[in-house]
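Just so you know, all these numbers are worked out from the coordinates, no wet-lab data involved. These numbers were taken from a predicted model, which means no experiment stands behind them. FYI the Cβ positions are ideal-geometry reconstructions off the backbone, even for glycines, and counts take in every protein chain you see.
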Amino acid sequence: MSTKKASMIVEKDFKVSEVDKRIYGSFVEHLGRAVYGGIYEPDHPEADENGFRKDVIELVKEIDVPLIRYPGGNFVSGYNWEDGVGPKEDRPRRLELAWRTIETNELGTNEFVDWAKLVNAEVNMAVNLGTRGIEEARNLLEYCNHPSGTYYSDLRISHGYKEPHKIKTWCLGNEMDGPWQIGHKTAHEYGRLANETAKVMKLVDPSIELVACGSSHRKMPTFADWEATVLDHTYENVEFISLHQYYGNRSNDVANYLALPLEMDDFIKSVISIADYIKAKKHSKKTINLSFDEWNVWYHSNAADRKIEPWTIAPPQLEDIYNFEDALLVGSMLITLLKHADRVKIACMAQLVNVIAPIMTETGGPAWKQTIFYPYMHASKYGRGVVLNPIVSSPKYDSKDFTDVPVLDTTAVYNEENEELTIFAVNRDLDDRLLLECDIRNFEGYKVVEHIVLENDDLKQVNTATSQAVAPHNNGDATNDNGRVTATLPKLSWNVIRLKK
Ligand code: AHR
């Protein structure tokens, strides 16, 4: 093994933007064991009086998730929200068509809002624009946010919720560009419906923020035209356009896999360009921001999911078991989101518990941390403040689909209030450690608090309920000598270098 060198200059005044904490959001869908057996398991020894697993609550709090998208996903496009409110014994069982299971409706809007409060998160609520439309969206909003004195607000009160839920962020449907979506639409059909729904929802509550559906992923055949058409219809009535992207190392090509955040970066830049093109076309002063409200690794469970028997309750679905290389990719995806903090104001790791998730549970057994838990937790905990734009000089490599991939993927976040500077860095090199020299010229008096490292000799190493084989240590060697920080970034590693005055 040899050593490569990289350098960076971190300047207080080279600001990208204040981080909107909602960039560390997540997602809980009525899918698989995310809700039933995940956040909610009344028979579990760790369940509280409402059936919520306290061990799961503790792990979600450890990540400090500020916003959670709910109830879907594909699920929302066939969902009747009315099925999930009121006395539990009256709630219907339904055929859930998106994932072909039985939905018991034991948990619905109010219970989810209760749970979100326990983990200190806001709810990012999605409305059904697949099988339903304006009427149901306005009723749900009135039910959730109107104080009292109307049919739906009084219905909420009669269900035991005197205070309105005050849900601020709402998604206008889910992945409506996808032919798999229940009630799939063309961009014109969706754009018209989303705009009329947005208008009516804002009449009910003008304080809400709305997310219009962008493409389901970068390679959708309708990508770009879809965004342009949808924003042409909705521009003045929405605040966000969504992006979704999942990756997988299907051809077992690690160098290429770890370069995929370059494509994510390009996706973000493209959507910004499209949004700004519509802004120019409309001579608008308003800027549309990005909600990257589904992102993660998703491929390990694909084969197992094809064998699931239909019409069962909460079967294990999309239960990807993540390995060490996935944690590196997730770290890089987080860095990519942070680099665009000026326009990406919401992002949701999809998902949170059991379903393509950082937290896993065993039914009746323990809850445990997947490998990807760690970079997500580090970014959410230490990545609050202002994202800086470091000048980086790094060795590069070429892979199957990418050229000039920087070996060092990095960004820095400055928290002025706490007088903390955090450098997040992935060393993508397959063979060599990287000696990082970082000039932090105007951070006088800052000392290294810790250098956290996630490394492992085995890229395919996973964690289980009984073993945390992939877990960070804080024995990294970063030091600061008069504004010159040096650190060794082991080959294939995720690093968090924390400095404080
Ligand atoms: O997160 C899993 C699924 O991925 C969601 O339901 C859907 O929106 C996306 O295709």
Contour excess over end-to-end distance, with Cα ends at ASP253 and TYR277 and 0.36 nm allotted per residue: 5.0 nm
Need the list of aspartates and glutamates near LYS339 for cross-linking: C-alpha distance under 14 angstrom, and skip anything on the same chain fewer than eight residues off. GLU18, ASP20, GLU263, ASP265, ASP266, ASP409
If R0 is 41 Å, what FRET efficiency do you get for ALA228 and ILE157 from their C-beta distance, rounded to 0.05? 0.45
Residue separation between ARG306 and GLU18 times 0.36 nm, minus their alpha-carbon distance, gives in nm 99.4 nm
Length gained when the stretch SER2-GLU263 is fully extended (0.36 nm per residue, less Cα-Cα span): 91.1 nm
Rounded to whole Å and sorted largest first, list the principal axis extents of the Cα atoms in the range 1-81. 53, 34, 28
Between the residues SER251, VAL238, ILE268, the Cα farthest towards the positive end of the dipole of the range 218-274, that dipole coming from +1 and -1 charges on the beta-carbon of Lys, Arg, Asp and Glu, is from SER251
Where q = 0.05, 0.10, 0.11 Å⁻¹, what log10 of I(q)/I(0) comes from the Debye formula for the chain, counting one point per Cα? -0.19, -0.77, -0.93
How much of the DSSP beta bridge set in the range 287-398 is antiparallel, as a percent to the nearest 5? 40
Given a cut-off of under 8 Å on Cα pairs at least six residues apart, what relative contact order in percent is computed for the chain? 20
Tensor-based shape of the range 68-167 (alpha-carbon gyration tensor, a/c under 1.5 rounded, otherwise prolate or oblate): rounded
Give me the dipole magnitude in Debye, nearest 20, for the chain about the Cα centre, with unit charges on the beta carbon: positive for Lys and Arg, negative for Asp and Glu. 920
For the range 211-300, what does the convex hull of the Cα positions come to per residue, in cubic angstrom? 83
Residues of the range 306-338 with backbone nitrogen within less than 16 Å of a virtual label 7 Å along the Cα-to-Cβ line of SER467, please, listed as ranges. 321-325
Qualifying trypsin sites (Lys or Arg not before Pro) for the range 97-193 [loop in DSSP, other Cβ within 10 Å: at most 13]: LYS162
Kirkwood-Stokes translational diffusion coefficient of the range 141-194, alpha-carbon pairs, 10 °C, 1.306 mPa s, µm²/s: 121
Pairs of lysines 8 or more apart, or on different chains, with alpha carbons under 27 Å: count those in the range 371-501, would you? 14
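I'd like to compare 397-408, 241-252: which one has the highest average count of other Cβ atoms within 10 Å, and what's the full order after that?
Output ranking for 397-408, 241-252: 241-252, 397-408.
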Please list, in order, the residues from the range 195-231 whose amide nitrogen is less than 11 Å from a point placed 7 Å along the Cα→Cβ vector of LYS168. 208-209
Normalised Cα Rg of the range 373-419, dividing by 2.2 N^0.38 Å with N its residue count, works out at 1.50
Leading residue at positive end of dipole, the range 20-382 (Cβ point charges), from ALA224, MET125, SER380: ALA224
Which helices of the chain meet both criteria: a Cα extent of 15 Å or more along the helical axis and a mean Kyte-Doolittle score no lower than 0.0, with helices taken as whole DSSP H segments? 254-281, 324-339
Taking every DSSP beta bridge with both residues inside the chain, roughly what % is antiparallel (nearest 5)? 55
Taking the chain and counting helices only, DSSP H stretches of n ≥ 4 at -39,500 (n - 2.57) each over all residues, the nearest-500 ellipticity at 222 nm comes to -8000 deg cm²/dmol
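Using only the Cα atoms of the range 109-255, build the gyration tensor, take square roots of its eigenvalues as a ≥ b ≥ c, and label the shape rounded, prolate or oblate: rounded if a/c is under 1.5, else prolate if a/b is larger than b/c, else oblate.
oblate
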What is the distance in Å between the Cα centres of the range 367-400 and the range 39-70? 26
Please tell me the relative contact order of the range 300-402 in percent, rounded to the nearest whole number, where contacts are Cα pairs under 8 Å and at least six residues apart. 26
